[in-house]
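Reading through the structure tokens given below for one structure.
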Amino acid sequence: MLHELGATQATPVTILSDGADGPRAVGEAASLGPTRHVLDCFHLAMRIHHVAQAVKAWPDDTAENRAEGARLADIVEAHIRWRLWHGQVQRALDLIGETLGPLEAMANDVASATAVQAAKVAKLLRGLETYVSGQSAIIIDYAKARRCGEPISTASTESTVQWLLHRRMSASQQMRWSPRGAHLMLKVRTAVMNGTFNRDHAAAEWRAKRPYHRRAA
């Protein structure tokens, strides 16, 4: 595909991924020229979303708890999310660290009625801190990239792959696929969706063990 697009050894390639070593290694191996890794903003946003959802479940039985829940929601949604969206990784980590201290103290307070929820929020926030720290080198200024028309997410690609696979391979189909069978089926579905089936088949016809006969629609 890169060859077809005219890529050469001097063509820079941006690799969007969830930060895992596997996809990054595949991108590196496939690229002809210099590469640049970017963390898919969708995966980052989902981590923040999980924390925000936990904060929404904060007890609201007292005015004090309602105020604390609103404060935490503001920190997560308006500040941590904003800083990461603008690529301000260290500022986001500093704020997460400042927020975790009181939360973990509250979670360890057996006399506190909000200890259980505080522990849940603290656990998710600690997970976000670990994730952001580990991926800090590939978190960019997503707001600026979006304004410049640069891709910041693989959501459209992933949804296409999911549609191609699940339409024929969902668990409800009760079918067992061999790796080779699944690969060949996916090649056919992709060719049909791309409108290149006839061309692709003509190119592969001479290798076929038996002739292909198109069935009536």
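A few points about this structure:
- Subset of the stretch 98-136 that is of a type in the set (A, V, I, L, M) and in contact (Cβ under 8 Å) with a residue 40 or more places away in the chain - its residue that is farthest from SER17 (Cα to Cα): ALA113
- Any hit, the stretch 43-54, residues being part of a helix (DSSP H, G or I) and farther than 25 Å from ARG146 by Cα: yes
- If you go through the stretch 113-126 and keep only what is open to solvent by 30 Å² or more (accessible area, probe 1.4 Å) and not hydrophobic (A, V, I, L, M, F, W, C), you end up with LYS120, LYS123, ARG126.
- Check on GLY27, in contact (Cβ under 8 Å) with a residue 60 or more places away in the chain and within 24 Å of ALA145 (Cα to Cα): no
- Of all residues in the stretch 152-191 being of a type outside the set (A, V, I, L, M, F, W, C), open to solvent by less than 90 Å² (accessible area, probe 1.4 Å) and outside any helix (DSSP H, G or I), the one that is modelled with the lowest pLDDT: SER170
- Looking only at the stretch 121-151, and only at residues there that are outside any helix (DSSP H, G or I) and β-branched (Val, Ile, Thr), the one that is farthest from the chain's Cα centre (by Cα): ILE140
- Within the stretch 60-71, residues that are touching a residue at least 12 places away in the same chain (Cβ under 8 Å) and in a helix (DSSP H, G or I) have Cβ atoms under 7 Å from residues that are open to solvent by less than 60 Å² (accessible area, probe 1.4 Å) and among the hydrophobic types (A, V, I, L, M, F, W, C) in these pairs: ASN65/TRP58; GLU68/TRP58; GLY69/VAL55; GLY69/TRP58, counting only partners at least 6 apart in sequence or on another chain.
- Residues in the stretch 10-42 that are part of a helix (DSSP H, G or I), closer than 30 Å to LYS120 by Cβ and either in contact with a Gly (Cβ under 7 Å, 6 or more places away or on another chain) or open to solvent by 70 Å² or more (accessible area, probe 1.4 Å) (or both): ASP21, PHE42.
- The residues in the stretch 91-112 that are touching a helix residue (DSSP H, G or I) at 6+ places or on another chain (Cβ under 8 Å) and either open to solvent by 50 Å² or more (accessible area, probe 1.4 Å) or within 17 Å of ALA54 (Cβ to Cβ) (or both) can be counted, and the count is 12.
- Test: residue in the stretch 57-70 that is more than 26 Å from GLY134 (Cβ to Cβ), within 28 Å of the chain's Cα centre (by Cα) and open to solvent by 30 Å² or more (accessible area, probe 1.4 Å): yes
The values are calculated or read from the model by the stated rules, or taken from the named source; none is laboratory data. Model, not experiment: these values are computed from the prediction. Ideal geometry is used to build each Cβ from the backbone, glycine not excepted, and the neighbour counts take in all protein chains shown. Note: accessible area is taken over every heavy atom of the protein model, side chains too, but ligands, DNA and RNA are not part of it. Shrake-Rupley method; radii C 1.70, N 1.55, O 1.52, S 1.80 Å.
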